[in-house]
Amino acid sequence: MPLLRRPASRVRVALDPIKGSRFLATLDRALDAEQAMALIQELREEMPDATHHCFAWRIDPEQRRSSDDGEPNGTAGLPILRRLDSAEAEQTVVIVTRYYGGTKLGCGGLVRAYGEAAALALEQVQWVEEAATLPLTLRCTYSLEGPVRGLITRFAGEVTDAQWDHAVQLRLAVPVEAVSGLKEELQELGAGSIEITDG
């Protein structure tokens, strides 16, 4: 059974100031790219006066992305991503926030600072190894919500978000090997009325 290595909880660490610039690394779990980008936006709103919010996320070895957020190309996002790759982290996002101190660090200095901030966060985090999961989204009627949740539990799935409007929408994380079985039983339960999409 494939296992993934993901963070147990959010970590935030700060480097000692470098030539007046402060670097703050925030590491958290993200089930998919959408959740990773939402976390980055959350930090932008939390620290609006910061100069840069450079980041990298690695959902799995194929789904990964980095951003220099205005720093010189390749000096911030890539060093963070390299640290995530080295740690074989999955479902993990690292955002390194910089408050500019008035003295330029040069490309080499930036690569070191962003890489060290990410490494420090990765050293502090507690890792959890668990069955690899896939994200699913489903919509069903209110009357089916109880039985649907029962099925999700039986297949060791987790509801990560729920919204209620004219129907119930649930976002799930389901163990990879349980996805096809859960989909089949949901279709039977709803007689085809339950909408299920990947992601």
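The values are calculated or read from the model by the stated rules, or taken from the named source; none is laboratory data. Quick caveat: nothing in here was measured; it's all calculated off a predicted structure. Counting neighbours? That spans all protein chains shown, and the Cβs are built from the backbone with ideal geometry, glycine included. For accessibility, only protein heavy atoms count, side chains too; no ligands or nucleic acids. Shrake-Rupley method; radii C 1.70, N 1.55, O 1.52, S 1.80 Å.
Ordering Lys183, Lys19 from largest to smallest accessible area (1.4 angstrom probe), what's the sequence? If you can, show how the numbers build up before the last one.
Details: Lys183 65, Lys19 130 Å².
Correct descending sequence by accessible area is Lys19, Lys183.
HN-Hα J couplings of region 153-163 from phi, Karplus 6.51/-1.76/1.60, θ = phi - 60°, integer Hz, Gly and Pro as x?
4, 4, 9, 6, x, 10, 7, 9, 7, 9, 9
Once you put a point 7 Å from the Cα of Glu177 and another 7 Å from the Cα of Thr103, both along the Cβ direction, what distance in nm separates them?
That separation, rounded to one decimal, is 5.6 nm.
So what is the diffusion coefficient of region 70-184 in µm² per second by Stokes-Einstein at 20 °C and 1.002 mPa s, using a Kirkwood Rh over Cα pairs?
Estimated diffusion coefficient is 123 µm²/s.
If I take R0 = 30 Å and measure r between the Cβ atoms of Gln187 and Arg10 in this structure, what FRET efficiency does the formula 1/(1 + (r/R0)^6) give, to the nearest 0.05? Numbers along the way, then the final one.
Details: r = 37 Å, r/R0 = 1.22.
Calculated value: 0.25.
Counting only C-alpha contacts under 8 Å and six or more residues apart, can you give the relative contact order of region 1-159 as a whole percent? Walk me through the numbers on the way to the answer.
Working: 292 pairs, mean separation 51.7, N = 159.
For region 1-159, the relative contact order is 33 percent.
Is there a quick way to get the dipole size of the chain? I mean about its Cα centre, with the Cβ of Lys and Arg at +1 and of Asp and Glu at -1; what is the value in debye to the nearest 20? Working shown, then result.
Values: 21 positive and 30 negative charges, 160 e Å.
Dipole size: approximately 760 debye.
How large is the accessible surface per residue of region 107-199, computed with a 1.4 Å probe and reported in Å² as a whole number? Display every interim value, and only then the final one.
On the way: 4760 Å² over 93 residues.
Each residue of region 107-199 exposes 51 Å² on average to a 1.4 Å probe.
Only one of the values (1) 18.3, 58; (2) 19.7, 65; (3) 19.2, 55 was calculated from this structure for Rg and Dmax of the Cα atoms in Å; name its label.
Here the calculated entry is (2).
Based solely on its DSSP helices, what 222 nm [θ] is calculated for the chain when runs of n ≥ 4 H residues each add -39,500 (n - 2.57) and the sum is averaged over all residues, nearest 500 deg cm²/dmol?
On the way: 5 runs with 65 residues, N = 199.
Computed ellipticity for the chain at 222 nm equals -10500 deg cm²/dmol.
Projecting each Cα onto the charge dipole of the chain (Lys/Arg +1, Asp/Glu -1 at the beta carbon, about the Cα centre), which of Pro17, Ala167, Tyr99 comes out farthest on the positive side?
It is Pro17.
Given R₀ = 30 Å, FRET efficiency for Gln126-Thr153 by Cβ-Cβ distance, to 0.05? It would help to have the intermediate numbers written out before the result.
Numbers: r = 25 Å, r/R0 = 0.85.
Computed FRET efficiency for Gln126 and Thr153 comes out at 0.75.
Given springs between every Cα pair under 10 Å in a Gaussian network model of the chain, which of Ile18, Ile95, Ile40 has the largest fluctuation?
Ile18
Would you mind calculating the relative contact order of region 75-184 from Cα pairs under 8 angstrom and at least 6 residues apart, reporting the percent as a whole number? Before the final figure, lay out the partial values.
On the way: 106 pairs, mean separation 27.3, N = 110.
Across region 75-184, relative contact order equals 25 percent.
Taking the Cα of Ala50, stepping 7 Å toward and past its beta carbon, and measuring to each backbone N in region 80-107: which are under 11 Å?
94-100
Which value in nm describes the separation of the simple spin-label points at Glu42 and Glu88, placed 7 Å from the Cα toward the beta carbon?
A separation of 2.8 nm, rounded to one decimal place.
Within region 1-58, what whole-number % of the accessible surface is contributed by carbon and sulfur, with the 1.4 Å probe and all protein chains included in the calculation?
Numbers: 1480 of 2860 Å².
About 52 percent, which is the carbon plus sulfur part of the accessible surface.
Measure off 7 Å from each Cα along the Cα-to-Cβ vector at Ala167 and Glu62, then give the distance between these two points in nanometres to one decimal.
According to this spin-label approximation, the distance is 2.7 nm.
Quick one: grab Rg to one decimal and Dmax as a whole number for region 135-198, Cα atoms only, in Å.
So, for region 135-198, Rg and Dmax equal 10.4, 31 Å respectively.
About the Cα centre of region 116-171, what is the dipole size in debye to 20, counting +1 per Lys and Arg Cβ and -1 per Asp and Glu Cβ, all else neutral? Could the numbers behind the result be given before it?
On the way: 4 positive and 8 negative charges, 88 e Å.
Value, rounded to 20: 420 debye.
Cβ under 9 Å from Ala132's Cβ, Ala132 left aside: what net charge do those residues give with Lys, Arg +1 and Asp, Glu -1?
Its environment carries a net charge of -4.
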